[in-house]
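Notes for the one structure printed next.
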Amino acid sequence: MIQFGGVQAETTHPGWSPEDYFANEVWPKVAARTCLKCHKVGGDADESKFILRDPRRDPSPGEASAHNRKAFLKMAAGRKDGRSTMLLKVVGKLDHGGEDVLSKDSTRYHILAQFVALVTKSVPPSSPSRPPVVDQRPFFEGVEMIEDHLLLRRLTLSLAARLPTPAETKSVSADGLPALRPILDQLMTEEAFYDRLAEGFNDIFLTPGIDDNAESVLSYEHFDKTRHWYQKWNFDHIADERERKEAGWSLARVYRDALEREPMELVKHIVREELPFSELITADYIMVTPYSSRGYGIFEEVAGRFKNLEDPFEYIPVRLKALTARSKRLNQFSATGFYPHAGILSTFQYLRRYPTTETNRNRLRVRIYFQHFLGIDIMQLAPRVNDAAAITAKYEVPTMQAADCVVCHKIVDPVAGLFQEYYALDGKGVYGPRKEGWYGDMFPAGHEGNALPENEQWRALQWLGEQTAKDPRFAVAMVEHAWYILTGRKALRPPEDLDDPLYPAKQRAYREQRTELKKVATKFASANFNLKLAFKELALSRFYRADGLATAQNDPARRAELDDLGLVRLLSPEQLDRKLRALFGSSWERLREHFTILYGGIDTKEVTERLTDPGGAMGAIQRMMANEMACKNVARDFARKPGERRLFPNIEPDVIPGKDHPGAEAKIRAAIVHLHNHLLGRSVPREVERSYQLFAGIMEAAQALPKRERNESYFCGAEHDKRFPDPHYTVRAWRAVVTYLLRQHEFLYE
């Protein structure tokens, strides 16, 4: 490291060439974050001789990196009046269009200074305080991988809401990790997997979170006669007026639910049919049901394609005709006669979920587009403007003239223009161009330097979808979404604080994960964008298989490197509900009915981020869940025949520990081992002993209780008000053991 007025930066050392230093320091810490914003084709400095290429989206990333390295080596060698051209430029000298992008006392400036010293073989600006520490050990050295049978259990619970079958367990026991590939292939054909997929992408797209009722996505201008079809439904066969009203409300709720689900049903359809996942933004159809098709006014046309007209959630793909409005001005032109569908991009639900205004001019939609489909936070491109008022006063159109504004708006505004057909009226996804025509003080419609052909204006979003599907960043973004669904964590982003002592470790963690995600993305794209392949590759990767509970290291830097490995996350309320149903055969209704949001869930509208760290309320909910699930299910399980039991197949409630009952202890310990394996997936001898001592301690204490205090709890009956006999107190002791296990980290976390 080298000191510059209290700022630390990596410095040269005998093992680093200028090329190494550029790859490890200059590009990730300076060039990619500062220079690339303007010095690229289509950027604000695209007329300069210093043009860079973005390896993240370049079809030849190796060539792009070599080009960038050559450009920087040439720039670093330049001199002006005996001073480095590069170092003069970045502080605003030599008529630099970007003015002062770095200050002389910043870490990034001194990284460039070290690079110049390396290239020119001159004396560095300061002497190194100590040599840089470069961790050369393999990234996964010392990292334990989860056992294959536990990985199988994790995947079946997470993706299919069930425990492994005996055949699957036997296959993995015999063949190890390779056996998981065909198991995953089968697992990803189960309906529960598609439901999990829709739930995960709902977290990402948040399409149900619109303002107003769901049918408002169908505009009054274009669907005024059909969107409220349920209000005219005939309930005359119901005699009671109150029942008729309730039937009407129920019909409306189901219809709205069907409409809300349509975007996620598109996701399910694409994956179920193993279509290219690029159809997420290119599909020329939407998904409708017997109910929602009535809202679109196409029920009669498509009724024959449904298997069950009474099923409000049977979805089929259809193409809408070009929209016909009450006002001729808002009739939709289409060269084909059909609505120009562009996957989820052109759905009324997506456009309504991310509305625009007269001042926003579709820019919110652009930000969301980049975030969802290219994995980019466009706001990171925005420089800090110190005096916005001065810029506004200086330029007639700052967004097209001021360098600080152009760096973003040259990217954002062309894409905003592609949404212009969905701008008019209330600006909430309703079709209709602006009366006055699109804004002249914005860059023309296009994408990443490619202008929208004039004859493609009527299908601008289709054109955008086609451009996006060809962008290498699309494949990476979709793999990142799959990673989020699998782990509940977003992909790592480059660390920002260059002065953080753990920066090198965090940067290495980011690079390693990024390399893996890109590798999977390449396979995903080569397999015609089959999303199932992405899930399979990620699930079998070392990043997912790492045992998150066993990767702790004493070295803080090493801990920072390994912090995001494996899977140690709090189960979402939906996942916890499915796990309870898989293990007990029934769920905890209070979780779904009352505690979803309190337990970290989302409503897609006001609460859009899931909580991952439990607070006091979540801890209380966990205790309630453990108590009530044990209360009801222990007696219920004992009430069944031994062959039908999930919790206690090999023991009866009259087995009591003690000297007078030889063999009882062994049976109880075996039952505890079964409970550990069933509820936690593993049985560690140390933990089994703790559970046994808990059971035995309760039994011992119970013997000292007066009979009047040993009555069974009324609320813990096997079935409603039926009490299960517990003369020996064993049922209550087993409840304590189950409660204890349900509060363990291994149960509540994944």
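Arrange the following residues from fewest to most other Cβ atoms within 10 Å of their Cβ: VAL520, VAL271. Kindly include the intermediate steps, with their values, before the conclusion.
On the way: VAL520 25, VAL271 22.
Listing VAL520, VAL271 from fewest to most nearby Cβ atoms yields VAL271, VAL520.
Between region 640-679 and region 245-260, what is the C-alpha centre distance in whole Å?
The distance from the Cα centre of region 640-679 to that of region 245-260 comes to 48 Å.
Relative contact order for the chain: what percent, with Cα pairs under 8 Å and sequence separation of 6 or more?
Working: 1050 pairs, mean separation 81.1, N = 750.
Once normalised by length, the contact order is 11 percent.
Near LYS536, within a Cβ-to-Cβ distance under 13 Å, what is the net charge of the other residues, with Lys and Arg +1 and Asp and Glu -1? Walk me through the numbers before you get to the answer.
Details: positive: ARG181, LYS523, LYS532, ARG545; negative: ASP185, GLU274, GLU537.
Neighbour charge sum, excluding LYS536 itself: +1.
Going by how many other beta carbons lie within 10 Å of each one, how would you line up LEU675, LEU266, LEU748, fewest first?
Least to most surrounded, the residues fall as LEU748, LEU675, LEU266.
What ranking do THR357, THR730 get, fewest neighbouring Cβ atoms within 10 angstrom at the top?
Values: THR357 13, THR730 23.
Fewest-to-most ranking of THR357, THR730: THR357, THR730.
Compute the FRET efficiency between LYS170 and SER48 as 1/(1 + (r/R0)^6), taking r as their Cβ-Cβ distance and R0 = 60 Å, and round to the nearest 0.05. Mind showing how you got there, number by number?
Values: r = 65 Å, r/R0 = 1.08.
For R0 = 60 Å, the calculated efficiency reads 0.40.
Once you list every other residue whose beta carbon is under 15 Å from the beta carbon of LEU694, what net charge do they have if Lys and Arg are +1 and Asp and Glu are -1? Mind showing how you got there, number by number?
Details: positive: ARG669, ARG686, ARG690, ARG732, ARG735, ARG743; negative: GLU665, GLU687, GLU689, GLU700.
Result for the neighbourhood of LEU694: +2.
For the chain, give the share of DSSP beta bridges that are antiparallel, in percent and rounded to the nearest 5; count only bridges with both residues there.
Working: 15 of 18 bridges.
Around 85 percent of the beta bridges assigned by DSSP in the chain are antiparallel ones.
Pop the C-beta distance of ASN331 and GLU310 into the FRET formula with R0 = 41 Å and round what comes out to the nearest 0.05.
Details: r = 35 Å, r/R0 = 0.84.
After rounding, the FRET efficiency stands at 0.75.
Taking Cα atoms of region 148-187, Rg/Rh with Kirkwood Rh, to two decimals? Walk me through the numbers before you get to the answer.
Working: Rg = 8.7 Å, Rh = 9.7 Å.
Reported Rg/Rh (Cα atoms, Kirkwood Rh): 0.90.
Around TYR422, which amide H atoms from residues at least 5 apart in sequence, or from another chain, sit under 5 Å from its own amide H, with H modelled in the peptide plane?
Correct list: GLY432.
Tell me, what is the Rg over Rh of region 472-562, with Rh the Kirkwood radius over Cα pairs? Numbers along the way, then the final one.
Details: Rg = 14.2 Å, Rh = 14.0 Å.
Taking Rg over the Kirkwood Rh, I get 1.01.
Run lengths n ≥ 4 of DSSP H only: what is the helix-derived mean residue ellipticity at 222 nm for the chain, with -39500 (n - 2.57) per run over all residues, to the nearest 500? Let's see the in-between values first.
Working: 31 runs with 343 residues, N = 750.
Result for the chain: -14000 deg cm²/dmol, rounded to the nearest 500.
Excluding same-chain residues fewer than 8 positions from LYS519, which aspartates and glutamates have a Cα within less than 13 Å of its Cα?
Output for LYS519: GLU480, GLU537.
Counting every Cα pair in region 582-748, what percent are over 22 Å apart? Don't skip to the answer; put the middle values down first.
On the way: 6591 of 13861 pairs.
Every Cα pair in region 582-748 considered, those over 22 Å come to 48 percent.
Can you tally the net charge around LYS80? Count Lys and Arg as +1, Asp and Glu as -1, for every other residue whose Cβ sits under 10 Å from the Cβ of LYS80.
Working: positive: ARG79, ARG83, LYS89, LYS93; negative: ASP81.
Residues near LYS80 contribute +3 overall.
Can you give the Rg/Rh ratio of region 134-273, where Rg is from the C-alpha atoms and Rh is the Kirkwood radius? Please list the in-between numbers first.
Values: Rg = 23.7 Å, Rh = 19.5 Å.
Radius of gyration relative to Kirkwood radius: 1.21.
For ARG690 and ASP224 in one chain, what is 0.36 nm times their gap in residues minus the Cα-Cα distance, to one decimal in nm? If you can, show how the numbers build up before the last one.
On the way: separation 466, 0.36 × 466 = 167.76 nm, distance 6.64 nm.
Once the chain is fully extended between ARG690 and ASP224, it gains 161.1 nm.
Once fully extended, how much extra length lies between TYR749 and GLU606, figured as 0.36 nm per residue of separation less the alpha-carbon to alpha-carbon distance?
Numbers: separation 143, 0.36 × 143 = 51.48 nm, distance 2.54 nm.
Between TYR749 and GLU606, full extension yields 48.9 nm more.
For region 167-224, list log₁₀ I(q)/I(0) at each q in 0.16 Å⁻¹, using the Debye formula over Cα point scatterers of equal strength and ignoring solvent, two decimals each.
Values returned for q = 0.16 Å⁻¹ are -0.69.
May I ask for the angle, rounded to the nearest 10°, between helix 460-469 and the longest principal axis of the chain, with both axes built from Cα atoms and the value confined to 0 to 90°?
Roughly 80 degrees between the two axes.
Give the list, by residue number, of cysteines in the chain with no other Cys Cβ closer than 4.7 Å, or say none.
Taking the Cβ cut-off of 4.7 Å, the unpaired cysteines of the chain are CYS35, CYS38, CYS405, CYS408.
Just to confirm the number: angle between the C-alpha axis of helix 616-638 and the first principal axis of the chain, 0 to 90 degrees, nearest 10?
Around 40 degrees separate the two axes.
Label points 7 Å out from Cα along the Cβ direction at ARG569 and THR522: separation in nm?
Each label point is offset 7 Å from its Cα along the Cβ direction, giving 2.6 nm.
Placing +1 at every Lys and Arg Cβ and -1 at every Asp and Glu Cβ, with all other atoms neutral, what dipole size does the chain have around its Cα centre, in debye to the nearest 20? Walk me through the numbers before you get to the answer.
On the way: 106 positive and 104 negative charges, 159 e Å.
It comes to approximately 760 debye.
Under a point spin-label approximation (7 Å from Cα along Cα-to-Cβ), what is the SER122-ALA664 distance to one decimal in nm?
Here the modelled spin labels are 8.8 nm apart.
Calculate the spin-label point distance for ARG434 paired with GLU199, positioning each point 7 Å from the Cα along the beta-carbon direction, and give it in nanometres.
It is 4.3 nm.
For ARG493 and ARG581 in the same chain, what is the full-extension length gain: residue separation times 0.36 nm, less their Cα-Cα distance, in nm? List each step's numbers first, then the result.
Numbers: separation 88, 0.36 × 88 = 31.68 nm, distance 3.58 nm.
Stretched fully, the ARG493-ARG581 segment lengthens by 28.1 nm.
Since every read-out is calculated from the coordinates, none of them should be taken as a lab result. Remember, it's a predicted structure, so these values are computed and weren't measured experimentally. So basically every Cβ, Gly included, is an ideal-geometry build from the backbone, and we count neighbours across all protein chains shown.
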